[in-house]
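**Student:** Please read through the structure below; I'll follow up with questions.
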Amino acid sequence: MSHNRRAAVLGSPIAHSLSPVLHRAAYEKLGLAGWAYDRHEVDEAGLPGFFERLDATAGDRPWAGLSLTMPLKRAVIPLLDEISDTAASVEAVNTVVFTDDGRRTGDNTDIPGMVAALRERGVERVAGAAVLGAGATASSALAALSRVCEGEVTAYVRSEARAAEMRQWGERLGVTVRTADWADAAEAFRAPLVIATTPAGTTDELAAAVPDRPGALFDVLYDPWPTQLAAAWAARGGAVVGGLDLLVHQAVLQVELMTGRAPAPLATMREAGEAALAARAS
């Protein structure tokens, strides 16, 4: 593999992304001095054109890979030569690797990243789980739960249309999904594992309902952190997995796929992410 390669994260909006911080920290630790990682504001309409210009923008650093965030995880699929089974299971690609023979392959590191983040906090297997929300991240959460949850998953949603989507994803992923109304979301806290996939502020109203002895909470947000729900959960002694844990673990897998070097420096990448968030907060 070339000593000088480039990679980037694409999405819209993208200015907030911590991916450059994490990947550059990994390159430095791995001694990949000739590697560069940038961010590019790209929406769905602009994605095909970006791919057409890849060779022209490579310069003396051939492209190694791309990280993709919303709204591009599904839009990129027609532009690729193949995608992994993991990516196909949720119809979402967050990682593109450019092979030496010129092929563009897509993968999804969000799902194994979730599993790895849970495992790091001691959550290996659970008897049941609850998911708050039903957006794109919720389908990845169900895919992760297919690997760690032995029983039923209850999804708390705001509409019957969303409920139907979650049940369909459950059937596709081999997960038994029961749906419930968002008005009853506090009941989720009875589950041994709760995954919150909703936007910032959505679960604030639920913080007061955290029980005295909660199980594990996986809140996918990382900025601002902690969320009110995560803070209340930790205060009551429950295990908490945060969005930065997910971001770092999925980025570790991306670095390994793009560079061919393993293991990627998890601790170094986490420290870089924590420092960047602290700088934002101040």
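**Student:** Looking at Gln250, Gln254, which is the one that is in contact with a Pro (Cβ under 8 Å, 6 or more places away or on another chain) and within 30 Å of Gly65 (Cα to Cα)?
**Tutor:** Gln250
**Student:** Shifting gears a bit: Restricting attention to segment 110-137, report how many residues are within 21 Å of Ala183 (Cβ to Cβ) and modelled with pLDDT of 95 or more.
**Tutor:** 6
**Student:** So, one more: Which residue pairs have Cβ atoms under 6 Å apart, sit 6 or more places apart or on different chains, and have a first residue in segment 181-209 that is closer than 28 Å to Glu150 by Cβ and modelled with pLDDT of 95 or more and a second that is charged (D, E, K, R) and open to solvent by less than 10 Å² (accessible area, probe 1.4 Å)?
**Tutor:** Within 6 Å, the pairs are Ala196/Asp219.
**Student:** If you go through segment 1-41, how many residues are hydrophobic (A, V, I, L, M, F, W, C), open to solvent by less than 10 Å² (accessible area, probe 1.4 Å) and either part of a strand (DSSP E or B) or in contact with a strand residue (DSSP E or B) (Cβ under 8 Å, 6 or more places away or on another chain) (or both)?
**Tutor:** The number of residues fulfilling the criteria is 5.
**Student:** Still on this structure, I have one more. Here's a check for you: in segment 212-224, which residue that is within 21 Å of Arg280 (Cα to Cα) and touching a helix residue (DSSP H, G or I) at 6+ places or on another chain (Cβ under 7 Å) is most open to solvent (accessible area, probe 1.4 Å)?
**Tutor:** Checking each candidate, the answer is Asp223.
**Student:** Then there's this: What number of residues in segment 225-250 are open to solvent by 10 Å² or more (accessible area, probe 1.4 Å) and of a type in the set (Phe, Trp, Tyr)?
**Tutor:** Result for segment 225-250: 1.
**Student:** Residues that are farther than 30 Å from Arg103 by Cβ and of a type in the set (D, E, K, R): find the helices (runs of 4 or more DSSP H) completely inside segment 170-281 holding 2 or more of those.
**Tutor:** Ranges flagged: 266-281.
**Student:** Further, regarding this structure: Among the residues of segment 230-263, count how many are within 15 Å of Pro20 (Cβ to Cβ) and of a type in the set (Gly, Ala, Ser).
**Tutor:** So the answer is 1.
**Student:** So which residues in segment 59-92 are open to solvent by 20 Å² or more (accessible area, probe 1.4 Å), closer than 28 Å to Ala138 by Cβ and of a type outside the set (A, V, I, L, M)?
**Tutor:** Thr69, Pro71, Lys73, Arg74, Pro78, Glu82, Ser84, Asp85, Thr86, Ser89, Glu91 - these are the residues of segment 59-92 that are open to solvent by 20 Å² or more (accessible area, probe 1.4 Å), closer than 28 Å to Ala138 by Cβ and of a type outside the set (A, V, I, L, M).
**Student:** Going through segment 116-136 one residue at a time, which ones are over 15 Å from Arg158 (Cα atoms), open to solvent by 50 Å² or more (accessible area, probe 1.4 Å) and in a helix (DSSP H, G or I)?
**Tutor:** Those that are over 15 Å from Arg158 (Cα atoms), open to solvent by 50 Å² or more (accessible area, probe 1.4 Å) and in a helix (DSSP H, G or I): Arg119, Glu120.
**Student:** Could you tell me whether Ala56 is more than 19 Å from Gly260 (Cβ to Cβ), open to solvent by 30 Å² or more (accessible area, probe 1.4 Å) and of a type in the set (Gly, Ala, Ser)?
**Tutor:** Taking the combined requirement at face value, the residue satisfies it.
The values are calculated or read from the model by the stated rules, or taken from the named source; none is laboratory data. Keep in mind that this is a model prediction, so the values were computed, not measured. Cβ sites come from the backbone with ideal geometry, for glycine too, and all protein chains shown count toward neighbours. Just so you know, the surface numbers come from the protein's heavy atoms only, side chains and all, with ligands and any DNA or RNA stripped out. Shrake-Rupley method; radii C 1.70, N 1.55, O 1.52, S 1.80 Å.
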